[in-house]
Amino acid sequence: MKKTILTAAIAACAMIPAFAQNPIISTGFTADPSAHVFNGRVYVFPSHDIPAPADFSRKDWFCMADYHVYSSDNLIDWVDHGMIVDQKTVPWVNGTSYSMWAPDCNFKNGKYYFYFPANQKRGGNAVGVAIADKPEGPYKVQENPIPGVNGIDPCIFIDDDGTPYLTWQNQGNALVIAKLKDNMLELASEVVTVQHNVPRNGLKEGPFMFKRNGKYYYTFPWVERNHECICYCMGDSPMGPFEYKGKVMEQNPNCWTNHHSMVEFKGQWYFFYHHNDYSPNFDKNRSTCIEYLNFNEDGTIVPIVPTRRGVGNTPATNKIQIDRYSNIEPTKHVWTEFLRTEKPFDGWKTIFRNHDSTRNPLWVEYDRVDFGEKDLSTATIRCHSQVGGTIVLRADTQNGPLVSTIKVEGKPDWQEVSAPVVGQQKGVHNLFVSMTSGILVEVDWVQFK
């Protein structure tokens, strides 16, 4: 999976395309994604993990200095609109604390209100607000944080009647909620501890609220054992009480934290979360991922299993990153690795190894490739093999219609190899990529033209 190239000219206009497969952003670390639909686009407001600079002593801890915003109109092509808030330009923030934790944003009164937590110059965490005319900014930061909001991980929920609510984790590690005034800058009620019946104690943070079919969903990361799972409660009022319903996503033993949001877009619900895919040995550098979110008839949430594939249909004319596969041949003869371990944002390669005549073809399956309605003439793979081999592309199943057979010559360097499309496909199909001969072939991507 290849990295988007960040040139100085592109960076200046801050319009960086990203990839559709998980993780969705490959130009930097993005955690705690808060997703909302504004003007027919999905906007994601994440926190931004960075390597610890010289003036930050905790090299083993989370380090976050600013915020970016990303958007997409199809969940396939993402745009980085650039930095919207920086710790060094917020009057009340300790500019060397690197504590710009999970944010949120919402729309009211013709304005976009971006809520962000950070460490104050006088100590302790507070929540500030930045206001913009457009979701991508520019944002104007307010001089002072919201009075009476001491904590992190704000979520701004606006009910159907226009009433805004702010919920967050306070400094006592409790989840709390309060109404906001219409100006979106002051509390309009007492701060209330969120009542729920989660079965055991454990750290709770990062709340996210939404409403569906008249029910209020209160969701949050919860350290049930050693790592955070995402759980949820349901209630009849935005202030609660809420009844615990279960887990949306189980804990991942490779990443201590998880943080999420849920949004409906074009009739389908989606679940945004983070994982440390690009930083497997350091889980304080996280990346945003997306999965489909579905509900049972009674409104409860169908539990989600993380995938590499993510969501959406990938156009066949794109570079299809088969390392983000949906399914894989169940042996240890196919696996993925970073293209270059020293540059993880360059992405991954798929390795097919040790095929012989007594073993079935080695394969990976990549779901939901859109071949369109026009005939395609060639299939191309970027690959590497010292001794050569054969890569076969099929549609729908492992033994489905043949799309193309690509002969790979043995060469010392990476190469792009093309072959004719012999079986035209129209519309959306799963793609099976198999090695049918050879000892070792590495594949970066597949593309049709």
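Applying the selection to segment 184-211, what residues are basic (Lys, Arg) and either surrounded by 15 or more Cβ atoms within 10 Å (Cβ to Cβ) or in contact with a Gly (Cβ under 7 Å, 6 or more places away or on another chain) (or both)? Answer for segment 184-211, where residues must be basic (Lys, Arg) and either surrounded by 15 or more Cβ atoms within 10 Å (Cβ to Cβ) or in contact with a Gly (Cβ under 7 Å, 6 or more places away or on another chain) (or both): just Lys204. Restricting attention to segment 199-214, the residues that are touching a strand residue (DSSP E or B) at 6+ places or on another chain (Cβ under 8 Å) and either assigned to a loop (DSSP other than H, G, I, E, B) or of a type outside the set (A, V, I, L, M, F, W, C) (or both) total 9. Restricting Glu337, Glu373 to those that are surrounded by fewer than 19 Cβ atoms within 10 Å (Cβ to Cβ) and out of contact with any strand residue (DSSP E or B) (no Cβ under 7 Å at 6 or more places or on another chain) reduces the list to Glu373. Here is a list: Ile322, Ile328. Which entry is assigned by TED's automatic domain parsing to the domain that holds Arg382 and more than 23 Å from Gln415 (Cα to Cα)? The match here is Ile328.
What do you reckon, is Phe45 aromatic (Phe, Trp, Tyr), in a loop (DSSP other than H, G, I, E, B) and within 18 Å of the chain's Cα centre (by Cα)? Even if it seems obvious, please write down each step before you answer.
On the way: aromatic (Phe, Trp, Tyr): yes; in a loop (DSSP other than H, G, I, E, B): no; within 18 Å of the chain's Cα centre (by Cα): yes.
So Phe45 fails the test.
Condition (residue is surrounded by fewer than 23 Cβ atoms within 10 Å (Cβ to Cβ), out of contact with any Pro (no Cβ under 8 Å at 6 or more places or on another chain), assigned by TED's automatic domain parsing to the domain that holds Cys155 and acidic (Asp, Glu)) applied to segment 56-65: is it met by at least one residue? Yes, because at least one residue in segment 56-65 is surrounded by fewer than 23 Cβ atoms within 10 Å (Cβ to Cβ), out of contact with any Pro (no Cβ under 8 Å at 6 or more places or on another chain), assigned by TED's automatic domain parsing to the domain that holds Cys155 and acidic (Asp, Glu). Screening Val422, Val408 for residues that are β-branched (Val, Ile, Thr) and either surrounded by 19 or more Cβ atoms within 10 Å (Cβ to Cβ) or within 20 Å of Ile351 (Cα to Cα) (or both) leaves exactly one candidate, Val408.
This table checks each residue for (1) under 19 Å from Phe29 (Cβ atoms); (2) part of a loop (DSSP other than H, G, I, E, B).
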{"residue": "Pro280", "(1), (2)": "yes, yes"}
{"residue": "Tyr292", "(1), (2)": "no, no"}
{"residue": "Asp298", "(1), (2)": "no, yes"}
{"residue": "Pro306", "(1), (2)": "yes, yes"}
{"residue": "Val311", "(1), (2)": "no, yes"}
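Scanning segment 132-149 turns up one or more residues that are surrounded by fewer than 21 Cβ atoms within 10 Å (Cβ to Cβ) and within 27 Å of Gln268 (Cβ to Cβ). Selection of segment 345-395 for residues being in contact with a Pro (Cβ under 8 Å, 6 or more places away or on another chain) and within 30 Å of Pro51 (Cα to Cα) yields an empty set.
Considering segment 67-184, the qualifying strands (runs of 3 or more DSSP E), each wholly inside and each with 1 or more residues that are in the same structural domain as Ala54 (by TED's automatic domain parsing) and modelled with pLDDT under 95, run over 78-86. Here Tyr217 qualifies as among the hydroxyl-bearing types (Ser, Thr, Tyr), at pLDDT 95 or above, closer than 30 Å to Asn39 by Cβ and part of a strand (DSSP E or B).
Looking at this structure, is Thr397 crowded, with 17+ Cβ neighbours inside 10 Å and assigned by TED's automatic domain parsing to the domain that holds Thr436? Don't jump to the end; show me each part of the working.
On the way: crowded, with 17+ Cβ neighbours inside 10 Å: no; assigned by TED's automatic domain parsing to the domain that holds Thr436: yes.
The answer is no for Thr397.
Per-residue answers, yes or no, for (1) of a type in the set (D, E, K, R); (2) farther than 17 Å from Gln447 by Cβ:
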site: Val392; (1), (2): no, no
site: Asp396; (1), (2): yes, yes
site: Asn399; (1), (2): no, yes
site: Val403; (1), (2): no, no
site: Lys411; (1), (2): yes, yes
site: Gln415; (1), (2): no, no
site: Pro420; (1), (2): no, no
site: Gln425; (1), (2): no, no
site: Val428; (1), (2): no, no
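When the test is whether a residue is of a type in the set (A, V, I, L, M), in contact with a strand residue (DSSP E or B) (Cβ under 7 Å, 6 or more places away or on another chain) and in contact (Cβ under 8 Å) with a residue 60 or more places away in the chain, Met239 passes it.
Total residues in segment 292-319 satisfying the condition of being surrounded by 14 or more Cβ atoms within 10 Å (Cβ to Cβ) and within 14 Å of Asn22 (Cα to Cα): the figure is 10.
The values are calculated or read from the model by the stated rules, or taken from the named source; none is laboratory data. Keep in mind that what you see is a predicted model, and the values were worked out from it rather than measured. Neighbour counts are summed over all protein chains in view; Cβ atoms, including those assigned to glycine, are modelled from backbone coordinates with ideal geometry.
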